[in-house]
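As structure tokens, the structure follows; a few thoughts come after it.
Values in this text are rule-based calculations from the coordinates and carry no lab data. Computed from a predicted structure; not experimentally measured. Counting neighbours? That spans all protein chains shown, and the Cβs are built from the backbone with ideal geometry, glycine included.
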Amino acid sequence: MRRKKTEAIADILGYIVFFAIFNSIKILPCSVYPLMAKIKGRIFYTLFPSLKRKIKKNMDAAYGDQMSYNQKAALIKKIFEKQVFFFFEWALWTKLTQKKALGLIEFKNLEPLKKVSLSKKPVVLVSAHTGNFALMIAALIYEGLPFTWIARDANNQYLARFMDRTRRKKGIYGINKENLSQAISSASDWLRKGNTLCLLIDQHSGKGTTVKFFGKKVQAPTGPAVFARKYDAQVFGVFIRHKKGFRHTIFVEGPYELAKTDNTESDYQKNIQLFYERIEHHVKESPEEWFTWLHRRFR
């Protein structure tokens, strides 16, 4: 009982601090965001040595000796700065109209996805925690796609509610992953109605299939392959990359050509391997933008 009370108090205090910081950022002119993000990123780099070690372990697994110690240290600093900047950017987007927000986005190859999606055929989007993926999700919804995604909310219940309210005010609705069976049911209903479902699959999955990623064997979720086969959905890849200032490019790939034989499990593995090859490509293009460095990706 005491532990639960302590956790509840910690959640409340954490929410108050977050709420104060987030709304302070919104008040500031966006011209100061890049400099402030760089300063705060450097501060976090100093304050969280355990997180630095986690990122370093991931980099050692991914790059090995291809990258020197100094190169990895410099990249870790950039990762901290970039993730803080993306947080500042989300505060900016909560103030923008849809038209102004879309003015900051350049789409590559959007039309094939839009054509299939708006024809009310089921679509599965494969993506990853690359770039400012929160803005990518918002931009695709602003483009008018019948779109949702499955995501795990923050552990802090008050913070999770705040973020959900913030997204809903902008017309952004997702499927909460907390109750997995319920999330799968909701996603299935969504696809049956001919809508578009996005899955960010780059983080560790206790269940799934084994694929190669940066030359290492990792466990990967099979959700996109399973949904695509079950609902005869076309699969596209979608990834966002920061350009300059507050501008971004969203790359749309596909539809991917999927394996489909009598060997279902083998097909799942081959298709997820294809998706992971595309994720690896985009991570390598801009490694400082990959949020999953902060997680235990390689185990």
Legend entry - By average C-beta atoms within 10 angstrom, highest first, the peptides 208-217, 137-146: 137-146, 208-217
Legend entry - Signed unit charges on C-beta, dipole axis of region 2-293, positive-most listed residue 107, 127, 15: 15
Inset, instruction - Per DSSP H run of at least 4 residues, take -39500 (n - 2.57); add these up for the chain, divide by its residues and hand me the 222 nm value, nearest 500 deg cm²/dmol. - result: -17500 deg cm²/dmol
Legend entry - Cβ-placed point charges (K, R +1; D, E -1), dipole of region 2-293 about Cα centre in debye, nearest 20: 940
Inset, instruction - Please report how far the C-alpha centroid of region 17-70 lies from that of region 237-289, rounded to the nearest whole angstrom. - result: 25
Legend entry - Unit charges on C-beta of K, R, D, E only; dipole of region 18-70, Debye: 160
Inset, instruction - Can you bin region 73-112 into rounded, prolate or oblate? Criterion: square roots of the alpha carbon gyration tensor eigenvalues sorted a ≥ b ≥ c, rounded for a/c under 1.5, prolate for a/b above b/c, oblate for the rest. - result: oblate
Inset, instruction - Step through the residues of region 62-69 one at a time and calculate ³J(HN,Hα) from phi using the Karplus curve (6.51 cos²θ - 1.76 cosθ + 1.60, θ = phi - 60°), rounding each to whole Hz and writing x for Gly and Pro. - result: 7, 10, x, 8, 5, 10, 6, 4
Inset, instruction - Give the shape of the chain as rounded, prolate or oblate, defined through the alpha-carbon gyration tensor: a ≥ b ≥ c are the square roots of its eigenvalues, a/c under 1.5 means rounded, and otherwise the shape is prolate if a/b is larger than b/c and oblate if not. - result: rounded
Inset, instruction - Output ³J(HN,Hα) for region 267-278: one whole-Hz value per residue in order, computed from phi by the Karplus curve 6.51 cos²θ - 1.76 cosθ + 1.60 with θ = phi - 60°, and x for Gly and Pro. - result: 5, 4, 4, 5, 5, 5, 4, 4, 4, 5, 5, 6
Legend entry - Mean separation of Cα contacts under 8 Å, 6 or more apart, over the residue count of the chain: relative contact order %: 25
Inset, instruction - Return the long-range amide H neighbours of residue 149 (sequence gap of 5 or more, or a different chain), with a cut-off of under 5 Å between placed amide H atoms. - result: 175, 198
Legend entry - Qualifying aspartates and glutamates (Cα of each under 16 Å from Cα of residue 52; at least 8 residues distant if same chain): 60, 81, 288, 289
Inset, instruction - Taking H placed 1.01 Å from N in the peptide plane, check which residues at least 5 places from residue 213 or on another chain put their amide H under 5 Å from its amide H. - result: 218
Inset, instruction - Obtain the nm distance between the two label points defined at residue 21 and residue 66 by a simple spin-label model: each point lies 7 Å from its Cα along the Cα-to-C-beta direction. - result: 3.3
Inset, instruction - Go through region 166-172 residue by residue and turn each phi into a ³J(HN,Hα) via Karplus (6.51, -1.76, 1.60, θ = phi - 60°); whole Hz please, and just put x for glycine and proline. - result: 4, 5, 5, 4, 9, x, 10
Legend entry - Extension gain from residue 74 to residue 32, taking 0.36 nm per residue of separation minus the Cα-Cα distance: 12.8 nm
Legend entry - Contour minus Cα-Cα distance for residue 39 and residue 98 (0.36 nm per residue): 18.3 nm
Legend entry - For residue 123, residues with placed amide H under 5 Å, excluding near neighbours: 195, 196, 197
Inset, instruction - Report, in debye and to the nearest 20, how large the dipole of region 77-213 comes out about its Cα centre when Lys and Arg carry +1 and Asp and Glu carry -1 on their Cβ. - result: 200
Inset, instruction - Work out, step by step, the length gained on full extension between residue 243 and residue 261: first 0.36 nm times the residue separation, then minus their alpha carbon distance; give nm to one decimal. - result: 2.4 nm
Inset, instruction - Name the shape class, rounded, prolate or oblate, that the alpha-carbon gyration tensor gives for region 155-299, where a ≥ b ≥ c are the square roots of its eigenvalues, rounded holds for a/c under 1.5, and otherwise prolate holds if a/b is larger than b/c and oblate otherwise. - result: rounded
